[in-house]
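Encoded as structure tokens, the structure appears first; notes follow it.
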Amino acid sequence: MQKQIIILLTISLFLFGAAAADAADANRIIIAADNWCPFNCTPDSQKPGYMVEVAKEIFEQKGYTLEYQILPWARALSHARKGIIHGVIGPYIEDAPDFVFPEQELAMIGFSIFVEKNTDWVYDGIQSLSLISLGVINDYAYNDKIDNYILENMGEFNKIQISSGEVPLKRNIKKVLAGRMDALLESPPVFLYTAAEMGVKDQLKSAGQVVAPKKAYIGFSPRIPDAKKYAAWLSQGIEEMRKSGRLDEILGRYNLKDWRR
């Protein structure tokens, strides 16, 4: 009899613990992306990225815990689409049109081509890309013309080289400097931040803008029941932070200014 009571108590404690864990998970929001500093940087650091800081502050005010993970971009999109995580950081709407997006964007992001500083080549339309080997990142959406060019030339290593993993930009920068590719395509704030961190900023230069800046967001999984609520909270929170000056404070930590001003 005593053994049965002990077993029942053990089961009860286990079930109580599991319920507590579920309750804790119910107040946790998981977002992910590959490292794309200054938008999203190293998790649990003093500077995890300004998008992460903004989202964390907004959701904590609602009683939620934000968990930020580094995942390869294609895997982050896949995990969110399956509902394994709640959302991804930094997509355009066309990156994941099935996702739930806030009304307020978190950045205006464009793309430029960067080359070794002594390179004479400059970007002069899609046709000029046929003269170089270009480094891009797996499953990034740039714009229709660039995306189509990548698809058409994906098998030709002398034209397109695709990087993936957690630090694909650093890999592409190293390849350009080593002469293993001619150029790379990246958002200027991300490129400049990463190249400065690597100590090679002065060894590279821009060869022209390819994609004009457009709205980028934190997008939420269509499989998450509260996705619309999270998106609405984020929009409201960004608007309030802009009015209070808090957004400027966070951006200033990354030497950035409000893209709307």
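Return yes or no: is LYS174 in a strand (DSSP E or B) and at pLDDT 95 or above? It is false that LYS174 is in a strand (DSSP E or B) and at pLDDT 95 or above. The single condition from (1) over 23 Å from SER78 (Cα atoms); (2) in contact with a Leu (Cβ under 7 Å, 6 or more places away or on another chain); (3) buried (at least 17 other Cβ atoms within 10 Å of the Cβ) that GLU186 fails is (1). For the range 199-235, the candidate set comprises residues that are under 21 Å from ASN148 (Cα atoms) and surrounded by 21 or more Cβ atoms within 10 Å (Cβ to Cβ); within that set, the residue that is farthest from the chain's Cα centre (by Cα) is ALA207. Applying the condition of being within 23 Å of the chain's Cα centre (by Cα) and of a type in the set (A, V, I, L, M) to the range 116-153 and asking which residue is farthest from VAL190 (Cα to Cα) yields LEU151. Taken together, GLU57, GLU53 contain a single residue that is under 15 Å from ILE238 (Cβ atoms), acidic (Asp, Glu), in contact with a helix residue (DSSP H, G or I) (Cβ under 6 Å, 6 or more places away or on another chain) and at pLDDT 95 or above, which is GLU53.
For every residue, the table says whether it meets (1) outside the structural domain of PHE99 (by TED's automatic domain parsing); (2) of a type outside the set (Phe, Trp, Tyr); (3) in contact with a Leu (Cβ under 8 Å, 6 or more places away or on another chain); (4) in a helix (DSSP H, G or I).
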residue	(1), (2), (3), (4)
GLY179	yes, yes, no, no
LEU192	yes, yes, no, yes
ALA195	yes, yes, yes, yes
SER206	yes, yes, no, no
GLN209	yes, yes, no, no
GLU240	no, yes, no, yes
LEU247	no, yes, no, yes
ASP258	yes, yes, yes, no
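Screening the candidates PRO102, PRO97 for the property of being touching a Leu at 6+ places or on another chain (Cβ under 8 Å) and not aromatic (Phe, Trp, Tyr) yields one hit, PRO102. Candidates are the residues of the range 77-130 that are assigned to a loop (DSSP other than H, G, I, E, B) and among the aromatic types (Phe, Trp, Tyr); the one that is farthest from ILE150 (Cα to Cα) is PHE101.
When the range 37-53 is filtered for residues that are more than 10 Å from the chain's Cα centre (by Cα) and not in a loop (DSSP other than H, G, I, E, B), the ones remaining, listed by number, are TYR50, GLU53. Just a yes or no: is a residue in the range 125-140 modelled with pLDDT of 95 or more, among the aromatic types (Phe, Trp, Tyr) and touching a helix residue (DSSP H, G or I) at 6+ places or on another chain (Cβ under 8 Å)? Among the residues of the range 125-140, not one is modelled with pLDDT of 95 or more, among the aromatic types (Phe, Trp, Tyr) and touching a helix residue (DSSP H, G or I) at 6+ places or on another chain (Cβ under 8 Å), which makes the answer no.
The values are calculated or read from the model by the stated rules, or taken from the named source; none is laboratory data. What you see is a predicted model; the values in this text were computed from it and never measured. All Cβ positions, glycine included, derive from the backbone under ideal geometry; neighbour counts span all protein chains shown.
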